[in-house]
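Colleague: Before I ask anything, here is the structure I am working with.
The values are calculated or read from the model by the stated rules, or taken from the named source; none is laboratory data. Computed from a predicted structure; not experimentally measured. Positions of Cβ are generated from backbone atoms using ideal geometry, with glycine treated the same way; all protein chains shown enter the neighbour counts. Side chains included, ligands, DNA and RNA excluded: accessible areas come from the protein's heavy atoms. Shrake-Rupley method; radii C 1.70, N 1.55, O 1.52, S 1.80 Å.
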Amino acid sequence: MILNGNQRGGGLKLAAHLLNDRENDHVEIHELRGFSADDLRGAFQEADAIAKGTRCTQFLFSLSLSPPETENVSIADFEAAIERIEERLGLQDQARAIVFHEKNGRRHAHAVWSRIDVIEMKAINLPYYHNRLKEVSKDLFLEHGWRLPEGLKDKHNRDPRNFTLTEWQQAKRLGKDARDIKRVFQEAWAVSDTKEAFANALEEKGYLLACGDRRGFVAVDVQGEVYAIPKMTGLKTKQVREKLGDPKQLRLVDEAIEQFAQRMQPALSSWQAEIEAQKTKREELHAKMRTELIKEQRNERHHLKTKLEERRMHEARERQSRFRLGLQGLWDKVRGAHRKISERNEQEAWQAHVRDQKIRDEMIVRHLDARRFQKRQHGVELKEIDMQQRDLVLDRERFAEREASRATKVRDENFPQR
């Protein structure tokens, strides 16, 4: 588990953070030990009041325990880790609160101790607690067989995979077969009787007719590629000139590229707006599904809690009924039967507790799996949209560079440097 701890004050702010069920799918106060209050806010206010009898302002030690995202960790394992940390830091028998958070299919725990020793009325010192937490964290990873983060192997070698954003990739263009391109030019030529008709036929296919550097007929596509008309149509230059006339009357290649750039910007803006609307719609749908799932899980947890509590009370009454009353009960105590019944009841109560805890753990694992699946599905959708957005950004940049390059060339031609 990754362990992050710090000394702090501000008990009410911490309580508000730990009880925040808006940013977390589920919040469960698992334990309040050593406090008179029976709620988290009251407990931290109580710790604050006690600390006022000392000079300590950071009277709490707050710790988060985060296991690997793909691992399902039982409550017993969390408790064992907290007990080990408590002993390692010297916080045994201190007032303690444990809260569980679940968010996006991940479950982590928060443990908060009061640092004030109520007998000595002084704060417990926690020297080198960062190093001690790191040692415990490494032990937990090794004992559970989890992959050890690089940051725990070498303090100078943090694992960047835990923090990196998805790398931006350059747009990948689908390659076109040369035969298909030639077929487009040949078909445009066949259906055209004039230069204007040929230019229009090519433009419908994504090409602009232009004058090449050698005053020949060429076509330019949206990527800035230049194609010689005679070569693509399979005709001689003379035949092309007879239908199309003087190429000098056409736009230059640079002008065609700039025209493509100008034409594409509105289209890119329109596509960008369409992608943003699609992303918003998917976000709203995901938020709705997340809310419904959380509501369903909370109802199931409440129902299970009620059911287990009813069974616990019923079984407790049954165990209590084994004790006889009056003289018979007194006789049972004399002959040792009362003690045997007590031992049996304690054993059965513990077995019932373990059984119920296993049921709760199994339910929590199902809930975590459901949230993880929902998160993964949403992530796949967002990744697809992000890739489309990156493609558009790259296209925008490319066309903007073409416009800027053309503007610079025109400026240099009109205002040559002396």
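Colleague: Taking the Cβ-Cβ separation of ARG147 and GLN45 as r and a Förster radius of 56 Å, what is the calculated FRET efficiency to the nearest 0.05?
Modeller: Working from the Cβ atoms, E equals 0.85.
Colleague: If you don't mind, there's one more thing I want to ask. Round to the nearest 10 and report in Å² the accessible area of LEU12, as given by a 1.4 Å probe over the protein chains' heavy atoms.
Modeller: Roll a 1.4 Å probe over it and LEU12 shows about 90 Å².
Colleague: What number comes out for accessible area per residue over the chain if the probe is 1.4 Å? Units Å², please.
Modeller: Computed with neighbouring chains in place, this is 64 Å² per residue.
Colleague: So if we plug the beta-carbon distance of GLN186 and GLN249 into 1/(1 + (r/R0)^6) with R0 = 30 Å, what FRET efficiency do we get, rounded to 0.05?
Modeller: Calculated value: 0.80.
Colleague: Specify the angular offset, from 0 to 90 degrees and rounded to the nearest 10, of the alpha carbon long axis of helix 129-144 from the longest principal axis of the alpha carbons in the chain.
Modeller: It is inclined by approximately 80 degrees.
Colleague: If R₀ is 45 angstrom, what is the calculated FRET efficiency for the pair ARG390 and ARG301, using the beta carbon separation as r and rounding to 0.05?
Modeller: Efficiency at R0 = 45 Å is approximately 0.65.
Colleague: Here's another thing I want to ask about it. Give me the percent relative contact order of segment 1-115, please, defined on Cα pairs under 8 angstrom at least 6 residues apart.
Modeller: 38 percent
Colleague: Note the angle between two axes, namely the Cα long axis of helix 326-335 and the longest principal axis of the Cα atoms of the chain, as a number of degrees from 0 to 90, rounded to the nearest 10.
Modeller: Tilt relative to the chain: about 90 degrees.
Colleague: Give me the angle, in degrees from 0 to 90, between the Cα long axis of helix 40-51 and the longest principal axis of the Cα atoms of the chain, rounded to the nearest 10.
Modeller: 70 degrees
Colleague: Quote to one decimal, in nm, the extra length available between ARG311 and THR237 on full extension: 0.36 nm per residue of separation minus the C-alpha distance between them.
Modeller: Separation in residues times 0.36 nm, less the Cα-Cα distance, equals 17.2 nm.
Colleague: Continuing with this model, one more query. Can you tell me the length gained on complete extension of the stretch LYS340 to ASN6, counting 0.36 nm per residue apart and subtracting the Cα distance?
Modeller: Going from the current span to full extension adds 115.5 nm.
Colleague: Any idea of THR291's accessible area? Nearest 10 Å², probe 1.4 Å.
Modeller: The accessible area comes out at roughly 80 Å².
Colleague: Given Cα pairs under 8 Å that are at least 6 residues apart, what percent is the relative contact order of the chain?
Modeller: 14 percent
Colleague: Under unit Cβ charges (Lys, Arg +1; Asp, Glu -1), what dipole magnitude, rounded to 20 debye, does the chain have relative to its Cα centre?
Modeller: 340 debye
Colleague: Starting with the highest mean, order 184-191, 277-284 by the number of other Cβ atoms within 10 Å, averaged over the residues of each peptide.
Modeller: Ranked by mean Cβ neighbours within 10 Å, highest first: 184-191, 277-284.
Colleague: Dipole of segment 199-256, Cα-centred, from +1 at each Lys and Arg C-beta and -1 at each Asp and Glu C-beta, to the nearest 20 debye?
Modeller: 420 debye
Colleague: For LEU327 and LYS103, calculate 0.36 nm times their separation in residues minus their Cα-Cα distance, and state this gained length in nm to one decimal.
Modeller: Additional length available on full extension: 74.9 nm.
Colleague: Could you tell me whether segment 270-387 comes out rounded, prolate or oblate from its Cα gyration tensor? Rule is a ≥ b ≥ c as square roots of the eigenvalues, rounded for a/c under 1.5, then prolate if a/b exceeds b/c, otherwise oblate.
Modeller: Prolate, since a/c reaches 1.5 and a/b exceeds b/c.
Colleague: OK, next. Just to be sure I understand the model, the point goes 7 Å from the Cα along the line to the Cβ. What's the resulting ASP369 to GLN278 distance in nm?
Modeller: 3.2 nm
Colleague: With a 1.4 Å probe and all protein chains left in place, how much of the accessible area of the chain comes from carbon and sulfur atoms, in whole percent?
Modeller: On the chain, the fraction of accessible area on carbon and sulfur atoms equals 50 percent.
Colleague: Let me ask you something else. Beyond 18 Å, how much of the Cα-Cα pair distribution for segment 233-305 remains, as a whole percent?
Modeller: When all Cα pairs of segment 233-305 are counted, 72 percent exceed 18 Å.
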